[in-house]
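Visitor: I'd like to ask you about the structure that follows.
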Amino acid sequence: MASSFTPIQSIARFIMLGVLMLTSTAGMVYATPENVSVTVWKDPNCGCCSDWVKHLESQGFTVQSINQGNQKVRAKLGVSPQHGSCHTAVVEGYVIEGHVPAADIRRLLLEKPAALGLAVPGMPIGSPGMDGEAYGDRRDKYNVLLIQKNGQSTVFSAY
């Protein structure tokens, strides 16, 4: 079946399609980890915290580590002890508590919910930073929680 468009109409459609594709993906540039800085408060001697930082860096995030522990900053940022873990981070105004996978941080930054941030309470084996050779093939089930500003939480992702 032959096209009923003139050559000029076809070119115009092609250009408009290109413009639509570019504008629909323009906002996604801000969600790429290469453009995202993360500040992490952790104990300087904690290997799993350092491994989590390496996980983020391997996924393209720029990470600044503050090696003075995280308990004071966690409380200051409004994260309750029930959501606590061994390190606390801030990224684009969101709090990230514990061994949250980089993919979930990317999703958070894309969706931009009105929330405090994400948390993986405790230190589940198999989560980023807790997945090294020392743990073998062991993988604990764990949830990434979306923490609301009022302290309530819901499951954001399950592993």
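Visitor: Segment 53-72 to segment 93-141: how many Å between their Cα centroids?
Guide: Between the Cα centres of segment 53-72 and segment 93-141 lies a distance of 12 Å.
Visitor: A further question on this structure: May I ask you to list the residues of segment 93-120 whose amide nitrogen lies under 20 Å from a point 7 Å from Cα along the Cα→beta-carbon direction of ARG139?
Guide: 99-107, 120
Visitor: Turning to a different aspect of this structure: Treating only the Cβ atoms of Lys and Arg (+1) and Asp and Glu (-1) as charged, compute the dipole magnitude of segment 77-153 about its Cα centre; round to the nearest 20 debye.
Guide: Details: 7 positive and 8 negative charges, 46 e Å.
Charge dipole of segment 77-153: 220 debye, to the nearest 20.
Visitor: Indicate, rounded to the nearest 5 percent, the antiparallel portion of the DSSP beta bridges found entirely in segment 34-159.
Guide: 65
Visitor: Using the crude model of +1 on Lys and Arg Cβ and -1 on Asp and Glu Cβ, and no other charge, please compute the dipole size for segment 57-106 relative to its Cα centre, in debye to 20. Write out the running numbers ahead of the final one.
Guide: Details: 4 positive and 4 negative charges, 43 e Å.
It comes to approximately 200 debye.
Visitor: So if I restrict to the alpha-carbon atoms in segment 108-159, what is the Rg, and what is Dmax, the biggest pairwise distance, in Å?
Guide: Computed over the Cα atoms of segment 108-159, radius of gyration and Dmax are 12.9, 38 Å.
Visitor: On a full-extension model of 0.36 nm per residue, what is the gain between SER65 and LYS112, subtracting their alpha-carbon distance, rounded to one decimal in nm? Present the calculation step by step, with values, prior to reporting the outcome.
Guide: Working: separation 47, 0.36 × 47 = 16.92 nm, distance 2.39 nm.
Here the answer is 14.5 nm.
Visitor: Taking the Cα atoms of segment 31-158, report the difference between the largest and smallest coordinate on each principal axis, in whole Å and largest first.
Guide: 37, 29, 27
Visitor: Using a 10 Å cut-off on Cβ atoms, rank the peptides 70-76, 97-103, 131-137 from the highest mean neighbour count down.
Guide: Listed from highest to lowest mean packing, they are 97-103, 70-76, 131-137.
Coordinate-derived values only; no laboratory data. Bear in mind that the values here come from a model prediction, so they are computed numbers and not experimental data. Reconstructed Cβ throughout: ideal geometry from the backbone, glycine too, with neighbour counts over all protein chains shown.
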